[in-house]
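Okay, here's the structure, questions in a sec.
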Amino acid sequence: QVRLVESGGGLVQPGGSLRLSCAASGSIFSMYNMGWYRQAPGKQRELVATISSGGTTNYADSVKGRFTISRDNPKNTVYLQMNSLKPEDTAVYYCKAERVDGRYAYWGQGTQVTVSS
């Protein structure tokens, strides 16, 4: 069992930055591929960025060049640095952990990000 706790969301003006954190507990963090997803009102949850256990990253086209995902294995934490934020980035952001063998996946409770002037 893995428990994920997101933090760092909030209200920011267009063009601003936020850094989300996801702290994991309960298992060996390095055995998990990690990801950030988001869900805007009335829309389906969508992938934002992923980082493998080995550090390989992948991004949605809509955030490439603006967002950066990273992980700190000793701290059991994954981050999402979000720059040049746009109103369309407004959503609840969720952290996901998936074991490298694909057998288990866990979600955090989400953190709200609102981009508005």
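Could you look at the chain and say what percent of its accessible area is carbon and sulfur, using a 1.4 Å probe and all protein chains? Don't skip to the end; give the middle numbers.
Working: 2810 of 6130 Å².
Here carbon and sulfur together make up 46 percent of the probe-accessible area.
Cα extents of the chain along the three principal axes, largest first, in whole Å?
In descending order, the Cα extents are 41, 25, 23 Å.
Relative contact order for the range 7-117: what percent, with Cα pairs under 8 Å and sequence separation of 6 or more?
Numbers: 244 pairs, mean separation 39.5, N = 111.
RCO, the range 7-117: 36 percent.
Over the Cα atoms of the range 31-87, what Rg and Dmax result, in angstrom?
Over the range 31-87's Cα set, Rg and Dmax evaluate to 12.0, 37 Å.
Now, a different point. Please list, or write none, the lysines whose alpha carbon is within less than 28 Å of the alpha carbon of LYS75, excluding same-chain residues fewer than 8 places away.
The reachable lysines, counting only those whose Cα sits under 28 Å from LYS75, are LYS64, LYS96.
Whole-Hz Karplus ³J(HN,Hα) for the range 39-46, in order, using 6.51 cos²θ - 1.76 cosθ + 1.60 and θ = phi - 60°, x for Gly and Pro?
Ordered by residue, 3J(HN,Hα) equals 9, 8, x, x, 10, 6, 5, 10 Hz.
The values are calculated or read from the model by the stated rules, or taken from the named source; none is laboratory data. Small disclaimer: the values here were computed from a predicted structure and weren't measured. When the accessible area is computed, the model is the full protein with side chains, heavy atoms only, and any ligands, DNA or RNA have been set aside. Shrake-Rupley method; radii C 1.70, N 1.55, O 1.52, S 1.80 Å.
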